[in-house]
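I have placed the structure first, in the form of structure tokens, so that the comments after it can refer back to it.
The values are calculated or read from the model by the stated rules, or taken from the named source; none is laboratory data. Fair warning: this is a prediction, and the values are worked out from it, not measured in the lab. Neighbour counts are summed over all protein chains in view; Cβ atoms, including those assigned to glycine, are modelled from backbone coordinates with ideal geometry.
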């Protein structure tokens, strides 16, 4: 935990040391990382898509990772089918207004999701009501669920086919780990499914 200090050099060193420790603690998740990559690859090979959702910083990470698949990650190649449920403000506000904010992701998912897709839900607590509702809908629809959470997994743990629960309780460090995990999975999927364009 970062403590308040007037010594900026000490603050920087402490923060980076904590981040390094969090990333090192991800090594035991290697089996789950491989399972996540396999789930994404299976969906994409079979004409499905990878769908992301989350709130706040996790919403930004959701669209970030969707963009890595649709655009490019480590090399130029064909796009891979991916989208984020966080980007359509008209849908988010209409659904939130008419059906409640807890349904902003599940209702979109019911409209565009298909059996065989993968839903990646990002929540540092694992208890975000709208992500949990989306996972419940995904289970009904035959969509694979992948949870990116903090320690313990919260309510999402029981609803995740693949759970990557970062062993930490502080939001900022969990989010730093989430983007590291997302980038690693993107790299595995891209290298397995695509050949660089010449």
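Overview of results
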item	result
In the stretch 75-90, the residues that are touching a residue at least 60 places away in the same chain (Cβ under 8 Å) and out of contact with any helix residue (DSSP H, G or I) (no Cβ under 6 Å at 6 or more places or on another chain)	75, 76, 77, 78
Residue that is surrounded by the fewest Cβ atoms within 10 Å (Cβ to Cβ) [pool: residues in the stretch 26-53 that are within 18 Å of the chain's Cα centre (by Cα) and not in a helix (DSSP H, G or I)]	26
Failed item in (1) within 16 Å of residue 187 (Cα to Cα); (2) surrounded by fewer than 16 Cβ atoms within 10 Å (Cβ to Cβ); (3) over 16 Å from the mean Cα position of the chain (by Cα); (4) modelled with pLDDT of 95 or more, with residue 81 passing the rest	(3)
In the stretch 84-105, residue surrounded by the fewest Cβ atoms within 10 Å (Cβ to Cβ) [restricted to those that are in contact with a strand residue (DSSP E or B) (Cβ under 9 Å, 6 or more places away or on another chain) and part of a helix (DSSP H, G or I)]	104
Pair list, Cβ under 7 Å, 6 or more apart: the stretch 169-198 residue on the phi < 0 side of the Ramachandran plot, other residue part of a loop (DSSP other than H, G, I, E, B) and exposed (fewer than 15 other Cβ atoms within 10 Å of the Cβ)	170/1; 187/74; 190/74; 194/78; 196/75; 196/76; 197/76
The stretch 133-151, residues that are over 22 Å from residue 46 (Cβ atoms) and either over 16 Å from the mean Cα position of the chain (by Cα) or buried (at least 23 other Cβ atoms within 10 Å of the Cβ) (or both)	136, 148, 149, 150
